[in-house]
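The values are calculated or read from the model by the stated rules, or taken from the named source; none is laboratory data. Values in this document were obtained by computation on a predicted structure and should not be read as measured data. Cβ placement follows ideal geometry from the backbone for every residue including glycine, while neighbour counts extend to all protein chains displayed.
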Amino acid sequence: MAAPSSPATPMTPVLIHLLRGASDLASIAATHAKLFKSGAASTLSTSNHLLAAYCRCGAMTLARDLFDGMRDRDVVSWTTLMSGYTAAARPREAISLLRGMEFSGVRPNVVTFSTAACACARLADAGLGRQVHARAEVAGRAFDAVVATALVDMYGKAGCVGDARAVFDVMAAPARSAVSWGAMLAVYAQNALGSEAIQLFAKLRTCGTGVAPNHFMLSSVLSACAGAVRLGVGRCVHGTVLRLGHGSNQVVAVALVDMYSKCGRYNYSRKVFDRIERPSVIPYTSIIVAAAKYGLWRSALTLFDDMVKEGVQPNDVSLLGVMHACSHSGLVDTGLQLLCSMQSKYGIAPRPSHYTCAVDMLGRAGRLEEAFELAKEAQIEGNDALLLWNSLLSACRTHKRLDLAIMAGQRVSEFNQDVFMAGQRVSEFNQDVAGGLVVMSNVYASAGQAVKASAVRSNMRLRGIRKNPGCSWIEVKDTPYVFYAGSVSCAGARADDAMGAGARADEVMVLLDELECKMREKGYTGRLGSARVSDGDEDDGEEGKGVMVGVHSEILALGFGLLVVPKGMTIRVMKNLRMCSDCHEVFKLISDIVQREFVVRDLNRFHHFKMGSCSCNDYW
DNA sequence: TTAGGGTTAG
C-alpha cells in the first residue's frame, strides 16, 4: 500500500494509540486504512508502528510487504521485523535481516543484538550464535545486560553450558539482574546439570546479591531437582515457593508436580495438582504422566477424561502419557484404540513416539507378531526407528523369541548403519545404538549362541561403542549415594561421607549373604553374586571386582539402604536402566523378609515393594 | 518512542 507523502495529521496520535492496543488483524488493517487515507502512513515512525502491530499478531507476509515498500528504514524497522520473524518461529529470516541491515549501512544496536541472539537460541545454533556474539563485541554491545543474558540463553539452548557460564561470569555483578540469574539457572536445568543449578541457586541466596528468587528461577530449580532426583532440596525449594507467595503460579506448580513425581512421591504431586485452579494442558499432562509411571492406570484415564470434559484440548504428549499408562498396566486394546483414534477424535497425528509406545505395549503383552507388523507399518526412519526396533528387540528377549529377535536385530543394524552413514556424531546416538546391540548380544547369550553374542560385543568394541554403566543411587540426609554393579564404593557422595558407604562395604556384603540364605528358604534359586546377564539392561560384562561380581547396582543400593535408613522408613532407590526380573524378585522377597517397604524408580516407572509383592503386579 | 533477555509435561 503506497501512501501519498504527507505529514502527520491531528488524528495520527489517536490512530497510533488504537494501533498499539490492537491485537487482531482486522482492527490493525482498519487503522492502517485510516492512516493511509489521512496521509500519515508513510512517515517512518508510523510505518514502524504498523510494522510492530502486524508482527505482534503474526501477520508476517503483511509485515514484510510493508517493510519492503518503506522508503526509509531505520534500526527500529529492521529490528522490529527481525523480532517478528523470531516470534513467528522463523529465526533464519531474522538472521538474514541482520546481514541485510548491515549491508544497507544501518548499524545494529543492543536491541538488534539481543533479538539476533534470541533467533540463534531458537535455532540452537552455537556457530551462528558465536558470530552474533563476535559482532556484538566488535560493536561494543556485548556487555549490555540484556544482550549478555540473551547470549547466556543462546549458548544454553545450543548445549554450550561452559560458554553460557563464561558470559554470565564476565557480567558485572550489578548487571546481573533477576533475568540473568534465571537464564543461567535454566541453562543448567535444561542441560541436565541439576547439581550445578542447585549450587548456583544457593549462591544467589547466600551471597548477598540482593536478587530475590522469582517464579522463573523457582521453576528452573525445581526442574533441576526433578532431573537429579533431589527430594530434600526440592522440599526446601517448595518451602521457599510458599514463603514468597509463588504457590499459585501454574508453571511453578507444574514443576512441583513433576519434582515430587520424579522423586517418588506421587501423593504430593497429586496434592499440588489438585490445588491448581483451572489446570491447562501441561499440568494435566504432567499428572497423567506421573500416574502412568506409578502404574495408576485408572487415575491416568480418569484425569484424561476430566481434562477433555473441562474443555482442555489434549496434545501429543497427553496422549503419549495415557498410552504409557495403558502400556504399563497391560491395557493393550485400550492403548491401541487411542493410537487409532487420536487423529480422528483429537486431531493429533501419531508421532514416532506413539508408535514406539504401541509396539512396546504389544511386546510386553507377548503379542510379538502384531508388534512386528505395526513396527513395519509405522515406516519410521533415522534415530526414531532405532528406538522403535530396540523396543521390539527388548520384548523379543523377554519372551525368548530368538526368531523375531534376529529379524528385529537386522532392522536395528540397518538403521544404526544409516545413523553412522548419515555422518551423525557418534556420541549423539551412541547410547541408542549401544542399547540395541547389548540387548541383541543378550538375546544370543540366552539362546545359547555364545559365539554370536561375543561377535556382537567384539563389533561394539571395534566401533568404539560402549554403553554407559548401569547405576543406582539413594538419597540419605540430602546426600546422593551412587552404586555401580559389582562395587559397593559409592561415587557422587561427599568426601566427608558421614554414612561411610565405602567403609561399610563389608557390612553390606555380609547382610546380602544373610538375606540370600533367607531367600533360599523361601524358594529363591538364583544367586545374588551372579545376576543373569540376559535378564536385565544392566551391562555386567566388564563390571565387577572382588566378591560382589555381577551384583546389580540396585541390590547394592538396597543393602546400603537397609543399613542406614531407619526401620519404618521406606527405602527409595533410583536406577538409570530398567530393573531386571531377577532383581525384581529379590526386592519382593527381601521386602517380605525384613518387613519393609521399598520404592524403586527405574528407567520407565516406579515399583512399590511391600510384603513380598510389587505395585506393578509383575507387569512392566 | 515504534524493536530486546529467563520458566513447566515427553
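Below are the figures for this structure:
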item: Single condition A:Ser248 does not satisfy, out of (1) more than 8 Å from DNA strand B (Cβ to nearest atom); (2) among the polar types (S, T, N, Q); (3) within 27 Å of A:Asn576 (Cβ to Cβ); result: (3)
item: Per-region count, the stretch A:140-161, residues part of a loop (DSSP other than H, G, I, E, B) and either over 17 Å from A:Gly194 (Cα atoms) or near DNA strand B (Cβ under 8 Å from one of its atoms) (or both); result: 6
item: Residue check for A:Ala202: of a type in the set (A, V, I, L, M) and within 13 Å of DNA strand B (Cβ to nearest atom); result: no
item: In the stretch A:264-311, residue nearest to A:Val600 (Cα to Cα) [restricted to those that are within 14 Å of DNA strand B (Cβ to nearest atom) and outside any helix (DSSP H, G or I)]; result: A:Gly264
item: First in the stretch A:243-257 and surrounded by fewer than 18 Cβ atoms within 10 Å (Cβ to Cβ), second anywhere and among the basic types (Lys, Arg), Cβ under 9 Å, 6 or more apart; result: A:Gly247/A:Arg275; A:Ser248/A:Arg275; A:Gln250/A:Arg278
item: Single condition A:Leu123 does not satisfy, out of (1) crowded, with 16+ Cβ neighbours inside 10 Å; (2) within 10 Å of DNA strand B (Cβ to nearest atom); result: (2)
item: So A:Val547, is it modelled with pLDDT under 95, more than 25 Å from the chain's Cα centre (by Cα), in a helix (DSSP H, G or I) and within 17 Å of A:Glu507 (Cβ to Cβ); result: yes
item: Hey, A:Thr240 surrounded by fewer than 23 Cβ atoms within 10 Å (Cβ to Cβ), outside any helix (DSSP H, G or I), of a type in the set (Val, Ile, Thr) and more than 10 Å from DNA strand B (Cβ to nearest atom) or not; result: no
item: Residue in the stretch A:169-189 that is more than 11 Å from DNA strand B (Cβ to nearest atom), of a type outside the set (A, V, I, L, M) and closer than 22 Å to A:Lys262 by Cα present; result: no
item: One residue from A:Ala89, A:Ala134 being under 26 Å from the mean Cα position of the chain (by Cα), surrounded by fewer than 18 Cβ atoms within 10 Å (Cβ to Cβ), more than 12 Å from DNA strand B (Cβ to nearest atom) and aliphatic (A, V, I, L, M); result: A:Ala89
item: A:Leu603, sole failed condition from (1) aliphatic (A, V, I, L, M); (2) surrounded by fewer than 21 Cβ atoms within 10 Å (Cβ to Cβ); (3) outside any loop (DSSP other than H, G, I, E, B); result: (3)
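Residues are listed down the side, and each one gets a yes or a no for (1) under 21 Å from A:Asn617 (Cβ atoms); (2) among the small types (Gly, Ala, Ser):
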| position | (1), (2) |
| --- | --- |
| A:Tyr284 | no, no |
| A:Ser299 | yes, yes |
| A:Thr302 | yes, no |
| A:Glu310 | no, no |
| A:Asp316 | no, no |
| A:Ser327 | yes, yes |
| A:Thr334 | yes, no |
